[in-house]
Amino acid sequence: MLRRKLLTILGSVVLLLLGMAIAAVFMLQGLLADLHHVRDQSMTSVEQVSQLSSKIARIQIDLYRLQLGQERHLDAFLDNAQDVQRLSDRLSENDILSPEPAAAQIQALREQLPVFYRQISALATSQDPGLTWQHNQAALAATVNMNEAILNISAIVSRNAHDEQTALIGRFRWIVLGLAIAFLIVINVSILVLLRTADMVLRPVDRLTQASRALGEGRFETRVMLDQGDEFGELAASFNTLAERLQASEERKLETLRQVALTLNHELNNAMAIIELQLDLLKRTVKGAEGQDKYLRQIGESLKRMSQTVDALKRVRRIVLTDYVGGLQMLDLERSVADEPGEKPGQVSPQV
Amino acid sequence: MRTKWTILTSIALVLVLALLVILERNGGESVASVPTPPTYKDPLRIGLVPDREIIANRQRTRILADYLAVQLGRPVELVTGASYQTVLDDLRENRSDVAVLGSLITVLAIDRLDVRLLCKTDLVNGGSTYAGVICVREESPISDVSELAGRRIAMVRTTLAGNLFPVADFLRREMMEGDNAPKIVWVGTHDDAILAMVDGSVDAAALKDARLDVWMRENPGKRLRVLARSLEVPESIWVARSDLADVGEQVASVLLRMDSTTEGRQVLSRYGAIRFVPIELDEFRPVYRLIEQMGEAWDKLGIAGPAPKWPGGSEAD
């Protein structure tokens, strides 16, 4: 029963602590996952924007070189132009750029792409220098518009990353605070529960110890009253039974002693009465003899003492022994008849 | 319970890592329809003159180039010139080995360089030949080329259909002098010529009939009327430097038999062609005739150098 109680209480405490630990781990894991996600997304977005910006810068350089006649082949230029389409597609698929205002900028960028490709197609196919220059300028203008959109997207990405990081830091702060408070509460509750559990064990142990001590001191009337329906209750019941038996045994011994004392009283009183009578007669006979008076007085005192002793035997309350000679023990009459400190005659047996 | 999960998770992680290592060592198989060609020191360089939808065309040509690379056992590079002159210069200066040219530029290449004709392309949209046309809007009051005197016409520089043919026709009709001369509005592509005419910026347009047919199919509500048409000339001609005769033969051989294999037909389909067909110099006679008609007005075309002459000295019939 006690074992089950202890297991239940301690098990609950352990489960509570374990649950708290698991919840803390999950919350922190979730936070870390979000942090990774934000970082990856942000880094991915920043990288995509950077790549796109670089490609457009490269295209602008190619356009200027074509304009100046420094470049006579279009392969690298066309590769870069294709990469712009690919990179802008990847940017469009980026989830963190789906909501406004990033979506508007992405749309602006994508609206420029057909214009850009139309111009570079016309630029590439046109064999007329005037037209080539015209389309080159138009393509450059389209790249400027695209760059503007990309710069805006970059600013939005940076702002988003900053905002998300700030939100995560705030969330982290709240989680740490919450966990700290929760753990404090849980620890306090655990301490209280453990104290209560300890009290559940120590209190009855204390009482049993005190009762055992009292029993050892000969106070057989001592009892332990425990309402617990567990092993301690059983122990208390066993203790009480033992104390009852010891008390009964002591009572029997005392009764026997009293009976012996009565017997002695009865038998000795007659003899002592006769001896006292004879002493009295002797005193009258030997009146005036000093030494003999003294001896007769001593005999009288001894008789009185014998009578007191027998009387005391009738009033023995407990058996208290004292050392005699040769390793033997005898009844300590004085202590055997003494009252308990503070005990009144007829008081009920003390209970622990 | 947790220990059991930890052990299971650890075992799963180890297995996944091992699998990744094995896969990485073995290497993933390429999912491209054409295997990656082996690396050689000298790739085959194909010169391209920019055409409309240049990026899409280049992507299509790249597919064909990858097929050639596998068939020839050497890498193939595309060399896109910023102008027709760049493509010719690349052939002259050995910066390209093979080139894909239009009719007029091919004639220039034959005349100025030592090139060998390999084949022409039979396109899905247009066939293996095309003609130059001069057209107007259906509702236009103009019914004859001669009525274009003083009118605006959209033309495309350095092309047979958009430049050589209309100018030759105007010269034949003696329309190129004084106020009679049509006012030429240069545009970048044949499609731009149609658009300029449809939106009313010009009264007529000179362009390839293949592009006209495609546009009319895509815009059934808008009708255009052809005023004049040239003779048919070859489409998308493949030429090779004569000093690379064996390379040219290999390329021609591969191209001409592409339509006989399943893989070849798939590549042709993605390239936008039905097949490659052989070509003869005689097919360029209409081009030479138009050039002859230009006479001294050849300089007005803005093409550097003298007018090409029929090879062998005799005039084109």
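Quick note: the coordinates plus some simple rules give every number you see, no bench work behind them. Keep in mind that what you see is a predicted model, and the values were worked out from it rather than measured. As a convention, Cβ positions derive from the backbone with ideal geometry for all residues, glycine included, and neighbour counts pool all protein chains shown.
Quick notes on this one:
- Distance (nanometres) between label positions extended 7 Å along Cα→Cβ at residue A:213 and residue A:227: 2.5 nm
- Most mobile of A:126, A:212, A:88 in a GNM of chain A (Cα contacts under 10 Å): A:126
- Contact order normalised by residue count of chain A, Cα under 8 Å, 6+ apart, percent: 16 percent
- Think of region A:146-207 as a dipole: +1 on every Lys or Arg Cβ, -1 on every Asp or Glu Cβ, centred on the Cα centre; then among A:201, A:185, A:147, A:201 lies furthest on the positive end.
- Going by neighbour counts of Cβ atoms within 10 Å, the residues A:283, A:55 line up, fewest first, as A:283, A:55.
- The calculated Kirkwood hydrodynamic radius for the protein assembly as shown is 36.6 Å, given to one decimal from all distinct C-alpha pairs.
- Beta bridge orientation in the protein assembly as shown: antiparallel %, DSSP, nearest 5: 65 percent
- Mean separation of Cα pairs under 8 Å and 6 or more residues apart, divided by the residue count, gives chain B a relative contact order of 23 percent.
- The GluC sites (Glu not before Pro) of region A:1-99 that DSSP puts in a loop, and whose beta carbon has at most 13 other beta carbons within 10 Å, are A:93.
- Exposed-site-free run, longest, chain B (rule: trypsin sites (Lys or Arg not before Pro); DSSP loop; at most 11 other C-beta within 10 Å): B:42-222
- Other residues whose C-beta falls under 12 angstrom from the C-beta of residue A:127 contribute a net charge of -1, scoring Lys and Arg +1 and Asp and Glu -1.
- Estimated [θ] at 222 nm from DSSP helical runs (n ≥ 4, -39500 (n - 2.57)) normalised by residues in chain A, nearest 500: -29500 deg cm²/dmol
- Nitroxide proxy distance, nm - points 7 Å out along Cα→Cβ at residue B:77 and residue A:278: 15.7 nm
- Ascending count of other beta-carbon atoms within 10 Å, so fewest first, for A:22, B:105: A:22, B:105
- Cleavage-rule hits, GluC sites (Glu not before Pro), region B:141-186, DSSP coil, Cβ neighbours within 10 Å at most 16: B:174, B:177
- Here the residues B:155, B:175, ranked from fewest to most Cβ neighbours within 10 Å of their Cβ, fall in the order B:175, B:155.
- Taken over the C-alpha atoms, chain A has Rg and Dmax values of 55.0, 180 angstrom.
- For region A:15-21, the Karplus equation 6.51 cos²θ - 1.76 cosθ + 1.60, evaluated at θ = phi - 60°, returns couplings of 4, 4, 5, 4, x, 4, 5 Hz by residue, with Gly and Pro reported as x.
- If R0 is 51 Å, the Cβ-Cβ spacing of residue A:29 and residue A:238 corresponds to a FRET efficiency of close to 0.40.
- Straight-distance crosslink candidates among lysines, where the alpha carbon sits under 18 Å from residue A:304 and sequence neighbours closer than 8 are dropped: A:283, A:294, A:314
- Summing Cβ point charges (Lys, Arg +1; Asp, Glu -1) relative to the Cα centre of region A:59-214 gives a dipole of roughly 1240 debye.
- 3J(HN,Hα) couplings calculated from phi for region A:191-204 with the Karplus curve 6.51 cos²θ - 1.76 cosθ + 1.60 (θ = phi - 60°) are, in sequence order, 4, 4, 5, 5, 4, 4, 5, 4, 4, 4, 8, 6, 4, x Hz; Gly and Pro show x.
- Rounded to the nearest 20 debye, the dipole size of region A:1-135 about its Cα centre is 900 debye, using +1 on the Cβ of Lys and Arg and -1 on the Cβ of Asp and Glu.
- For the residues of A:125-137, the average number of beta carbons from a partner chain within 10 Å of their own beta carbon is 6.
- FRET efficiency for residue A:107 and residue A:162, using Cβ-Cβ distance with R0 set to 22 Å, rounded to 0.05: 0.40
- Efficiency of FRET between residue A:70 and residue B:16 - r from beta-carbon atoms, R0 35 angstrom, step 0.05: 0.10
- Estimated inter-spin distance, residue B:4 and residue B:177, nm [label 7 Å along Cα→Cβ]: 10.6 nm
- Relative contact order [Cα under 8 Å, 6+ residues apart], region A:123-254, whole percent: 12 percent
- Helical content of chain B, expressed as a calculated mean residue ellipticity at 222 nm, amounts to -12000 deg cm²/dmol (DSSP H runs of 4 or more residues, -39,500 (n - 2.57) each, divided by residue number, nearest 500).
- Region B:263-317: GluC sites (Glu not before Pro) falling in loop per DSSP and having at most 15 other Cβ within 10 Å: B:280, B:315
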